[in-house]
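Q: Sending over a structure as structure tokens; questions will come in a sec.
The values are calculated or read from the model by the stated rules, or taken from the named source; none is laboratory data. From a predicted model like this one, the values you see are computed outputs, not experimental measurements. Here the Cβ positions follow ideal geometry from the backbone for every residue, glycine too, while neighbour counts run over all protein chains shown.
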Amino acid sequence: MPRPPDPAKRRDLLDRVRAYVLRNGLADLSLRPLAKALGTSDRMLLYYFGTKERMVAEALAVYERRPLLRTRELLETIGPPTTPAELRRFLEEVWRQFRDPEVRAALPLYLEIMSAGVLHPDRYGPVMRDVVVAWTDLLTSFLRDLGMDRDRARTQATLLTDACFGLLAAPLADGHWDRADQAFHALLDSLEPGWRRTA
């Protein structure tokens, strides 16, 4: 009877896989060079993860510095925002997290995965789709709590999520993070008045 995978070794491999893809990206990622760099074999990686794509997806999913994970931990402490002002402060805190050097270093990889997911949806498509859906669902629930109907809350949440992804992607190309900051706050300025509860 085969021995079950060692959870500690699996987690260690995920941490090292993530570090490798953050340094090297996805474009030329292949199992043998990756395995060699990690001091293991491609067969061992397949034993633990099944496919290269699943391995990369899991490596990112357990990344403790992901803003979504840190946000959920914050919400467990302070609770969800219940006023437009609290929602704005929450969104500003999330945006501030993207200034964390480790988070910002991971952004090119997420952009690469997003592009790969569009070109090859069967490979990396679910990775970014899950991220977008999770953020949109979270913001929708907050907006519903502020009194919005479901459709309007979903539309506003989609606008916030998609606009923020765009505002994070553009500075990776042009380096103008200050402009992205200004645009983000302008976006909140335009949306916040519409978050107020209506009769």
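Q: Have a look at D149, D162 and point out the one that is closer than 30 Å to L29 by Cα and of a type in the set (D, E, K, R).
A: Only one candidate qualifies: D162.
Q: Only residues in region 133-147 that are under 18 Å from E192 (Cβ atoms) count as the first member; pair them with residues that are among the aromatic types (F, W, Y), Cβ under 6 angstrom, at least 6 apart or cross-chain, and list the lot.
A: L146/W195
Q: Quick check on region 93-101. Is at least one of its residues of a type in the set (D, E), outside any loop (DSSP other than H, G, I, E, B) and over 16 Å from the mean Cα position of the chain (by Cα)?
A: No, every residue in region 93-101 fails to be of a type in the set (D, E), outside any loop (DSSP other than H, G, I, E, B) and over 16 Å from the mean Cα position of the chain (by Cα).
Q: Using beta carbons and a limit of 6 Å, which pairs, at least six apart or on different chains, have the first residue in region 172-191 and in the same structural domain as R89 (by TED's automatic domain parsing) and the second one among the basic types (K, R)?
A: L188/R88
Q: Another question, if that's okay. Among R154, R150, R144, which is of a type in the set (D, E, K, R), surrounded by 17 or more Cβ atoms within 10 Å (Cβ to Cβ) and out of contact with any Phe, Trp or Tyr (no Cβ under 8 Å at 6 or more places or on another chain)?
A: R154 is the lone residue from the list that is of a type in the set (D, E, K, R), surrounded by 17 or more Cβ atoms within 10 Å (Cβ to Cβ) and out of contact with any Phe, Trp or Tyr (no Cβ under 8 Å at 6 or more places or on another chain).
Q: Moving on to the next point. Among residues belonging to region 8-61 that are among the polar types (S, T, N, Q) and loosely packed, with under 14 Cβ neighbours inside 10 Å, point out the one that is farthest from P126 (Cα to Cα).
A: Here the answer is S41.
Q: Taking only region 58-92 into account, find how many residues are in contact (Cβ under 8 Å) with a residue 60 or more places away in the chain and under 12 Å from the mean Cα position of the chain (by Cα).
A: 3
Q: Here's a check for you: in region 101-137, which residue that is under 15 Å from L172 (Cβ atoms) and of a type in the set (G, A, S) is surrounded by the fewest Cβ atoms within 10 Å (Cβ to Cβ)?
A: Of everything passing the filter in region 101-137, A105 is surrounded by the fewest Cβ atoms within 10 Å (Cβ to Cβ).
Q: Does region 124-133 include one or more residues that are closer than 19 Å to S190 by Cα and at pLDDT 90 or above?
A: For region 124-133, residues closer than 19 Å to S190 by Cα and at pLDDT 90 or above: absent.
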